[in-house]
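> Below is one structure. I have some questions about it.
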Amino acid sequence: MAETIVPVSHEPPAEATHLRHHFATEEQQMDASTLGMWTFLITEVLFFGGMFAGYAVYRNLYPAAFASSSQYMNVVLGGTNTAVLICSSLTMALAVRAAQLSKQRDLILFLILTMIFGTIFLVIKGFEYHDKWVEGLVPGLHWGSYPEAPQFAHNAQILFFLYFCMTGMHALHMIIGLGLLSFLLIQAYRRVFHANYFAPVEMIGLYWHFVDIVWIFLFPLLYLIGHRR
Amino acid sequence: MSMHVPIPKVSTLVGVWAALIVLTGTTSAVSYVELGEWNIVVALLIAFMKASLVVWVFMAIRHSTTLTRLFCIAGLLWLGIMIVITFGDYSTRNWTYQAQPWSHTKAVGGSH
């Protein structure tokens with residue numbers, strides 16, 4: 001077996017720096033990170049799942065009151081936000097790909113794009129919340145007479161309560177995601193990530209896609225069902 | 001020693017993005033059609049299709065280890081347990097149940 005002569009360097013080889021001593025290989029380390037992230041995401045599934053179950057129970061108990069609420073939902077804004085989040089998921093996936101290929105400029109570009117889409121989503125959400133406040137659809141704080149269906153003025157409050165809980169928790173996850181992305185962006189500017197070390201980009205990517213999936217279910221349940229008439 | 005990770009093609013990622021946008025358009029359009037009870041079924045079916053696409057490609061479950069896939073399925077299973085038991089409770093709360101004397105229960109017991 002022929003040996004190649006390598007120039008002596010005082011720096012540790014780049015490949016080895018990120019491999020923790022308790023893992024045998026980079027692949028094993030990556031599998032462990034991925035499994036850990038998925039375990040966390042499962043707890044998140046059950047966290048949001050509790051609210052989805054609550055929504056389903058109350059929708060079954062008060063179907064007419066829930067149906068009456070959908071005419072207050074802005075399908076255009078909700079649909080736009082769905083598209084914005086799908087775009088942000090694409091740019092996030094492309095950011096992970098850029099990191100895997102050591103393309104530093106692409107990584108920075110796609111991280112910034114993802115953050116822009118995330119911010120657009122939150123701004124649109126803010127406008128929607130503002131509309132809800134003006135229309136007196138905030139239970140407990142600013143609840144009006146519910147003019148479109150006054151007979152449901154009492155029972156419809158539970159739907160708007162769930163609406164603010166679910167979209168508010170989702171928005172909070174988006175804000176946390178934007179914080180994580182800015183952390184990634186700083187690291188990317190420092191050229192921390194490359195083909196042998198991109199686990200943080202991939203893990204935060206998993207989180208970002210999960211938040212997208214939550215919205216994929218929120219959009220039809222809150223905005224679409226029963227909005228005809 | 002470099003990592004042997006399968007790197008997704010740009011065309012695959014863009015294809016999934018396009019499919020997600022089309023499905024969003026479809027679910028929005030279908031919601032304007034009166035289908036009665038089927039509206040919610042179609043809406044949830046499309047949402048599951050979209051979520052599966054995201055999980056399969058964007059979240060790279062297609063390249064992950066069997067253990068990770070198992071964890072992913074376990075998450076769905078626990079979610080299912082939570083929803084089924086919750087509805088088991090709420091859907092049976094109105095069942096009228098007449099308490100009977102023990103002897104009487106035994107007497108009618110054979111006929112149910």
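> When chain A is treated as a GNM, springs tying every alpha-carbon pair under 10 Å, which of A:Ser69, A:Ser89, A:Ser33 comes out with the largest mean-square fluctuation?
Looking only at A:Ser69, A:Ser89, A:Ser33, the largest GNM fluctuation is found for A:Ser33.
> Could you state the principal axis extents of the C-alpha atoms in region A:61-125, from the largest down, to the nearest angstrom?
That gives 55, 22, 13 Å along the principal axes, largest extent first.
> Provide a whole-number value for the mean count of partner chain Cβ atoms within 10 Å of the Cβ atoms in peptide A:50-63.
2
> Then there's this: Using +1 at the C-beta of Lys and Arg and -1 at the C-beta of Asp and Glu, which of A:Thr39, A:Phe217, B:Leu53 has the Cα lying farthest in the positive direction of the dipole of the protein assembly as shown?
Sorting the options by dipole projection puts first A:Phe217.
> Hey, got the Cα dimensions of chain A along the principal axes, in Å, largest first?
86, 30, 28
> How many times 2.2 N^0.38 Å is the alpha carbon radius of gyration of region B:10-92?
Its radius of gyration relative to the 2.2 N^0.38 Å reference: 1.37.
> How large is the dipole of chain A about the Cα centre if only Lys and Arg carry +1 and Asp and Glu carry -1, each at its Cβ, rounded to the nearest 20 debye?
560
> For region A:104-229, what are Rg and Dmax over the alpha carbons, in angstrom?
18.9, 62
> Ok, one more. Within the set of other residues whose C-beta is less than 15 Å from the C-beta of B:Met59, count the net charge using Lys and Arg as +1 and Asp and Glu as -1.
0
Values in this text are rule-based calculations from the coordinates and carry no lab data. These numbers were taken from a predicted model, which means no experiment stands behind them. For neighbour counting, all protein chains shown are included, and Cβ atoms are generated from backbone atoms with ideal geometry for every residue, glycine included.
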